Every structure is written in structure tokens, then in C-alpha cells.
Amino acid sequence: MFYRLMYYIVLPIYVVFVIFASISLEKTQNTFFMIVIGLLFITSIFLERIYTRLFLLIASSEIISLLLFHFTSQLNWCYSIYIILLSKFLFQVKGAVKGIFLGFVFMIFYTAIRATYSPVNSYSIFGVGSDFLTSIAVVLIIQYIIEMETKKNTLIEEKKREEIQHKEEKGKLIAEMAAGLAHEIRNPLTIIQGFLQYSKEANYNIQPWYDLIFSEVSRMNKLTVEFLQFSKPDVTQYQAYSIHECLKRVISLTKSEAHCLGHQIVYTEYNPDLLVKMDFNKMVQVFVNLINNAIQSMVESGHITIRLFKVGNLAVCEVRDTGVGIEGADLKKIFNPFFTTKSEGTGLGLPICQKIIQDHGGTIEVSSTPKYGSIFTISLPLDAGASYALDFAKD
Ligand SMILES: Nc1ncnc2c1ncn2[C@@H]1O[C@H](COP(=O)(O)OP(=O)(O)O)[C@@H](O)[C@H]1O
Ligand SMILES: [Mg+2]
């Protein structure tokens, strides 16, 4: 946008301005020639855009017509046209050294033409020095702009690539889970179908099996509900929230169930200043899942201890229980979709937690001692410079 404004509007206007100035100040010796050359120069600028393949030819005609234009207009203000044209070429030339060389070539041309109409004295010699220094400054500024542009474009491309990869991974996982889900649902469906068929054909009384049938149906329902949560399209808008507020919400949601079953939730160590860019509700879901697992793992009354602290640029949150713990062989599988050791379980809780945490750029780890309990540790990158959105979290 600014590039076009500069070369296709400002530059032609400037050429017309020099033509008028040169005529009005009676500098030019050949008005007709100056106007023709000026127009030729402007035309080459536009032609370059249309015939990109003839770049070298058109660029040469731009330079030659500029030199002739300067020669006939006899005005030092042509300097700005040299600089604008130089800056245009600098976008094609890579590297500061080549750029400075090109700048010097332009300045030599300019100085040579200027010497044809301007007297050589100490003022004009200092003027030459200033012109050369200005050309170096222009080259460096353009190089800086090019460098910034390149960096920005690389970052944008990287982000796009990451997004595509993320979508692909999610798609693959959903496909895998859908296959798993179909498998999980088929077994109870076959059982229920068998009962119904038997009852229809042989008038078999299935009343004693009602509880079993209901529990299978509710398990299928639970599976589909959790799966839907997982495959919901990602419209997440991350905002900076206090992870402490998030944990307070989680505890208020799970406290009563824990108390009913004789367990205690202890939030010992906390830090209200740790802000993390997150989807607040999804993060609540993660911790509720962990605490539910912890509650389910404790046969006798026990403790769930939550700690929140900072390690480097990470917010670390630990959820520790005094439950049955996890055997070594199971420990490797607990994040696999549909892995469960519970009769009523779906095996989707932890994979969902892991996915959400990964989407937030964090990690979830587990360590466990059978018979003594487990520790789930979540690490999330701290938000670099935010102190907003806390109010929403407190609602
Ligand atoms: N805090 C915990 N203590 C003991 N085992 C756990 C704990 N959390 C998870 N597990 C094990 O991991 C399995 C998978 O958990 P999850 O994905 O939440 O599915 P679900 O709770 O439906 O079984 C559980 O069945 C259990 O064996
Ligand atoms: Mg669970």
C-alpha cells in the first residue's frame, strides 16, 4: 500500500513538480526535452510493474531518463528522485554492502550531473559529502525495514504451519478416538440388542437385567458426552487469568462431593499473582477431572492436596492424593483414550486433560506410588506481561 503510494503517486507528482519549478525558475535550456524525458521516466516506473520480466531493461531506462531529466531540469531537488528510485532498487538488492555500493553509484551519477550546472566550490564539496552520508542512511533504513519484514513474514509462516499441524494432529486424534468410541459402544449395544431380541422372540423376562442395561446405556451416554467435548471445534480465545482464581473455582465445585465421601481438599500453597493465558472454563474442566480421579482413587477417607507455585517462567500446579496409586504398567497407559480401570469409567478424562494442557503450551506429568497415592503435576507458561481479566475469573 505505502510502496504503491510512494512510487506510483508521490514519485510522479515530484517529477511534475520539478518540471514546473525548472520552467518557472528558468533553469531548463530545453523545456520540451525535459518534459518528454520526465514523462518517459514516469512511464518506465509504471511499465516495470507490468513487464516484470524486463526488469533490467526498464531499470536501465529509468536510470538513464532520470540522469537526462536531472541534466535538463538543472535542479538539485532531483536528489529526492534519486533517493526514491534508490530505495526502490534496494528492495531488490540483498545485503547492506551491496546496498551501500548501489547508493554510492547513484550519488556519483548525481554529483557528476550536478557539476554540469553548479559551480564547484567548498559549499558544493561539503554538499557532496552530505549527499553520500544521506545515501548510506537511506540504505541502512531500508535494510532495517527489509530485515523486519522478513522476520515478521517468517513468524507468520511459522504460526500458520503450527496451526495447520495442530489441526491435523487434532483431526488424527479425533479419528482415532472415533474409531475407539465406535468399538466401545458396540459391545454394550450388542448385549442390549441380544437381551431385546431374546425377550421379543422367546418372551424372556429381562426385568432382572434392567440395572445392567441401564448402566450400559448410561455408560454409552457418558462416552458420547465426553467425546463431544473433545471434538468440539476449537474457538478458544485465550486470555490472561489468575490460575489461583481458577483453582478456587475448582475447589468450590468439588468440595461438597469430597466432604460427603469423607475426604478433605487442602489448598496449602498458593500464589495469586500467577497469570496464565488460558481458556478459563477448559482449565477448570482439567482440574475438576483430576480431582474427580483423586476422589475416586481414595477408598477410605483421605486428603487431596493442591499446591501452586512458580518455577522459572512456569506456573506449576500439583494435585496429590492419598489414594490407591497407579501400578507401573498402568502408568504408561493412563493418557491413552479409553484406558480405564473403573467399571463406570470412560477412560477419556486424562486424554482430554492432556489435550487441553498441550493446547495451552503446557505439560502434564504423573508420578505415583501404589497404595500411597499419586501426584499429577501441570506446568503452564506464565503470561509475559498481563494483569487483566482477573475480574471475570472472580465472577
Ligand atoms: N488419581 C488417580 N489415582 C489412581 N489412578 C488414577 C488416578 N487418576 C487416573 N487414574 C487411572 O487412570 C485411568 C484413566 O483415568 P481417566 O482418563 O480419567 O478415565 P476414567 O476416570 O474414566 O477411568 C483411571 O481409570 C485410573 O486407573
Ligand atoms: Mg476420570
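The values are calculated or read from the model by the stated rules, or taken from the named source; none is laboratory data. Predicted model only: the values in this text are computed from it and were never measured. Glycine gets a Cβ as well: all are built from the backbone with ideal geometry, and neighbour counts include every protein chain shown.
I'm trying to understand the selection: among the residues of region 26-56, which are in a helix (DSSP H, G or I) and loosely packed, with under 11 Cβ neighbours inside 10 Å?
Start the filter on region 26-56 by keeping residues that are in a helix (DSSP H, G or I), which leaves 31-50, 52-56.
Across region 26-56, the qualifying residues are PHE32, ILE50, THR52, ARG53, LEU56.
When only residues in region 277-310 that are aliphatic (A, V, I, L, M) and modelled with pLDDT under 95 count, which is farthest from ligand 1 (Cβ to nearest atom)?
Here is the first cut: in region 277-310, the ones aliphatic (A, V, I, L, M) are 278, 283-284, 286, 288, 290-291, 294-295, 298-299, 304, 306, 308.
Filter again for modelled with pLDDT under 95, leaving 278, 283-284, 286, 288, 299.
Working: MET278: 20, MET283: 16, VAL284: 16, VAL286: 11, VAL288: 11, VAL299: 11 Å.
Top of the filtered list is MET278.
Considering each residue of region 309-359, count those that are assigned to a loop (DSSP other than H, G, I, E, B), hydrophobic (A, V, I, L, M, F, W, C) and away from ligand 2 (no atom under 12 Å from the Cβ), and give that number.
Just the residues of region 309-359 that are assigned to a loop (DSSP other than H, G, I, E, B), to begin with: 312-313, 322-327, 332-348.
Next cut, hydrophobic (A, V, I, L, M, F, W, C) only: 324, 326, 334-335, 338-339, 348.
Next, from what is left, pick out any that are away from ligand 2 (no atom under 12 Å from the Cβ): 324, 326.
Selection size over region 309-359: 2.
Among residues of region 300-323 that are in the same structural domain as CYS353 (by TED's automatic domain parsing) and within 19 Å of SER374 (Cβ to Cβ), those with a beta-carbon under 6 Å from a residue that is part of a strand (DSSP E or B) and among the small types (Gly, Ala, Ser) at least six positions away or on a different chain give the pairs VAL316/SER379; ASP321/GLY373; ASP321/SER374; THR322/GLY373; GLY323/GLY373. Taken as a whole, the condition of being over 25 Å from SER379 (Cβ atoms), assigned by TED's automatic domain parsing to the domain that holds ALA294 and not polar (S, T, N, Q) applies to GLY262.
You will find that of LYS200, LYS159, the residue that is basic (Lys, Arg) and modelled with pLDDT of 90 or more is LYS159 and no other. Residue pairs whose Cβ atoms lie under 6 Å apart, sitting 6 or more positions apart in sequence or on different chains, and linking a residue in region 334-348 that is farther than 13 Å from SER297 by Cα and modelled with pLDDT of 90 or more to a partner that is among the hydrophobic types (A, V, I, L, M, F, W, C) and near ligand 2 (Cβ under 8 Å from one of its atoms), are ILE334/LEU350; PHE335/LEU350.
Select from region 1-25 the residues that are part of a loop (DSSP other than H, G, I, E, B) and within 19 Å of ILE113 (Cβ to Cβ) and list them in ascending order.
Taking region 1-25 as the starting set, the residues that turn out to be part of a loop (DSSP other than H, G, I, E, B) are 1, 25.
The answer is LEU25, and nothing else.
Taking into account only those residues within region 328-347 that are within 19 Å of GLU216 (Cα to Cα) and near ligand 1 (Cβ under 6 Å from one of its atoms), which is surrounded by the fewest Cβ atoms within 10 Å (Cβ to Cβ)?
Keep residues of region 328-347 that are within 19 Å of GLU216 (Cα to Cα), which gives 337-347.
If we keep only those that are near ligand 1 (Cβ under 6 Å from one of its atoms) too, we end up with 339-342, 345-347.
On the way: PHE339: 17, THR340: 17, THR341: 14, LYS342: 11, GLY345: 16, THR346: 22, GLY347: 20.
Filtering first and then ranking leaves LYS342.
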